[in-house]
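The structure appears below as structure tokens.
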Amino acid sequence: MIDYIIYAITIACVYAIMGIMLHLQFGLCGVLNFGTAGYFAIGAYSVAILTTLMGYPFIVSVLVGAILCAIVGFLIGKPLSHLSPDFLFIVTLAFGEIVRQLATSEAWLTNGVAGIYPISNPLKFLPFYDIAYLFIVALICGALIFYSIKVRASPFGKLLIGVRDNPLISEYIGKDVAKARLTIFIFGSMIIGVAGSLYAPLLGMVNPAQFGPLVAFVAFISLMVGGKESPFGSILGSIILVFGIIYIFDFLPIPIIQDYKLVFSSVRFVVFGAILILFLRFRPKGLLKGAAL
Amino acid sequence: MILMEGVKKFFGGLKALDIDRIELGTHHVEGIIGPNGAGKSTLIKAILNVDEYEVNSGKITYQGKNLVGKKTWKIARQGIVCSPQAIQEIPSLTVEENLYLAVNKIPEKLTDPFLRTSEMVKKESEKKVEEVMHMFSLDKKCDCAGCDLSTPEKRLLNTARALLMNPKILFLDEPLAGVRGKEREVMQKFIKKAPFPIVLIEHSPDVIWNTCDYVFFMMAGSIKIHGTVNAVRKNKEVIKQYLGV
């Protein structure tokens, strides 16, 4: 049981890293990145391929994954950063799918649908390695939360808000809007890649099915529910959605729910959708409204 | 200072700008007048090369340096600053943040939270920003969100922000629309006293006659008549087409 709780918290921290990046990209700068699962997959596959198949150290493969994500982020973001973020939404959504399809079809590299396993925990040599791993992941997560709190008050954060609220006037006051969008897009992509790298050893395996568009959708719904303008928004949102809804459906001792568990596991996505619509209608900024002005 | 030669701009089949030659910024305050749709705002947007307003042909130079095809933010950095007609505040930032964003000349970076905090920016230009805030009587509103300001206050914020950009030439696109009373006086005083050339688009004839030194009359995308205030004021064509009897 303890093992399971530690595992769950570590996973939560990994998703929180992703959520913080979406807060920076979408919440502050208005850059829609639906390719989340794609970067997540690139990070995870880098670790799987480089450590399990090729025997490189974990750190090296995390770095390679991050650099790959940054390059891909640059290639996608550069031509689109001059346009309104709606275009980025379409392209990144497609990108996420392309990565998944590539992971499925390029079997020589990724072992196709079967995936790659086992991916051993890089701290396996320590006595309580899962706690140590949680500690490291939580540390990274904490550092990023700290950063995102600081960034809102910094000139860069204000520029991001300016770019989101009013790109035209930001140009008029001499700000490179495209570069601001590109910077936050690449930075976010890179860190989401790192989150993917941290995720791979937790599950011990990677396969394409883990990186469906649902990853991005759930992440975005959490962000909208929790509050896209607060660094803690996505974390609160995930707690509500994941623990509140997925686990309530799974563990609630109501006989009907337990009898029809399989049915309800599909119903929860309907619930997610309904929640999203209700929030957009009645509380568009989410539960946490972001730092006071 | 800004020289436009043979500038043409089409929106589909519509000729929005057709300018043989115009020199802007040679007098202290220059006014551009003309009926709606004459191309007054388009002229400014063409100089700043705003998204859909890139000119189809012609030359635009600032002190001999080409401006055509340059990015808007780079042109703004050179000191060609515009306070646009539509009210353009950044609604989620406070008045103070709006102004400090404009005054910060060093490009913002990811490392800002550690290497260049808002406090440092504030220290650098506190005097200047406070002076401007005081001048436009925005100091009482400095912690107020941009979206909570009244229309005249937003106009003042627009102009204050433009002033903080250190303009070498300032375009004011109807800065007095919707501005009455005390705010109007503040704005007019600022226009008269500014230490750099101003190009003013304005519909109110009184303001033009009282503040401008030189006036351009635009119609259907081109400069029909230009000259000193008195010359334009008495020009029969201008009276017939625009001012009325």
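A residue that is hydroxyl-bearing (Ser, Thr, Tyr), buried (at least 16 other Cβ atoms within 10 Å of the Cβ) and within 21 Å of residue B:158 (Cβ to Cβ) occurs nowhere in the range B:61-68. Output the residues belonging to the range B:104-155 that are in contact with a helix residue (DSSP H, G or I) (Cβ under 7 Å, 6 or more places away or on another chain) and within 24 Å of residue A:24 (Cβ to Cβ). Once the filter is applied, which keeps residues that are in contact with a helix residue (DSSP H, G or I) (Cβ under 7 Å, 6 or more places away or on another chain) and within 24 Å of residue A:24 (Cβ to Cβ), the range B:104-155 yields B:104, B:108, B:109, B:110, B:112, B:113, B:116, B:118, B:121, B:122, B:146.
If you check A:118, A:122 for being crowded, with 20+ Cβ neighbours inside 10 Å, in a loop (DSSP other than H, G, I, E, B) and away from chain B (no Cβ under 12 Å), only one passes: A:122. Under the condition of being among the aliphatic types (A, V, I, L, M), within 9 Å of chain A (Cβ to nearest Cβ) and part of a helix (DSSP H, G or I), the residues counted in the range B:116-167 number 4. Comparison of B:41, B:57, B:92 shows that the only residue that is buried (at least 16 other Cβ atoms within 10 Å of the Cβ), polar (S, T, N, Q) and more than 24 Å from residue B:241 (Cα to Cα) is B:92.
Among the residues in the range B:100-121, are any among the polar types (S, T, N, Q), surrounded by 22 or more Cβ atoms within 10 Å (Cβ to Cβ) and at pLDDT 90 or above? No, that holds for no residue. When the residues of the range A:160-194 are filtered to those that are over 21 Å from residue A:89 (Cα atoms) and part of a helix (DSSP H, G or I), the one that is farthest from the chain's Cα centre (by Cα) is A:172.
The rows are residues; the columns are (1) within 9 Å of chain A (Cβ to nearest Cβ); (2) free of Cβ contacts under 8 Å to residues at least 60 places away in the same chain; (3) among the charged types (D, E, K, R); (4) not in a helix (DSSP H, G or I).
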position	(1), (2), (3), (4)
B:55	no, yes, no, yes
B:58	no, yes, no, yes
B:61	no, yes, no, yes
B:68	no, yes, no, yes
B:74	yes, yes, yes, no
B:81	yes, no, no, yes
B:85	no, no, no, yes
B:91	yes, yes, no, yes
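Residue B:142 meets the conditions (1) under 20 Å from residue B:40 (Cβ atoms); (2) over 17 Å from the mean Cα position of the chain (by Cα); (3) without any contact (Cβ under 8 Å) to a residue 60 or more places away in the chain in every case but one. The failed one is (1). Listed by first and then second residue, the pairs with beta-carbon distance under 6 Å, at least 6 apart or on different chains, first residue in the range A:206-231 and modelled with pLDDT of 90 or more, second β-branched (Val, Ile, Thr) and crowded, with 21+ Cβ neighbours inside 10 Å, are A:206/A:116. Residues of the range B:136-182 that are more than 14 Å from residue B:98 (Cα to Cα) and of a type in the set (Asp, Glu): B:173, B:174.
Do you know which of the residues in the range B:212-245 that are β-branched (Val, Ile, Thr) and closer than 16 Å to residue B:26 by Cβ is surrounded by the fewest Cβ atoms within 10 Å (Cβ to Cβ)? Restricting to residues being β-branched (Val, Ile, Thr) and closer than 16 Å to residue B:26 by Cβ, the top hit is B:228.
A quick yes/no check of all residues on (1) touching a strand residue (DSSP E or B) at 6+ places or on another chain (Cβ under 8 Å); (2) away from chain B (no Cβ under 14 Å); (3) farther than 21 Å from residue A:77 by Cα; (4) of a type outside the set (D, E, K, R):
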| residue | (1), (2), (3), (4) |
| --- | --- |
| A:153 | no, no, yes, yes |
| A:163 | no, no, no, yes |
| A:179 | no, no, no, no |
| A:196 | no, yes, no, yes |
| A:227 | no, no, yes, yes |
| A:241 | no, yes, yes, yes |
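Consider the range B:170-228 and keep the residues that are among the β-branched types (Val, Ile, Thr) and part of a strand (DSSP E or B). The one that is farthest from residue B:23 (Cα to Cα) is B:201. Select from the range B:167-190 the residues that are closer than 17 Å to residue B:131 by Cβ and modelled with pLDDT of 90 or more and list them in ascending order. Hits for the range B:167-190 are B:167, B:170.
The values are calculated or read from the model by the stated rules, or taken from the named source; none is laboratory data. Because the structure is a prediction, the values reported are computed rather than measured. Counting neighbours? That spans all protein chains shown, and the Cβs are built from the backbone with ideal geometry, glycine included.
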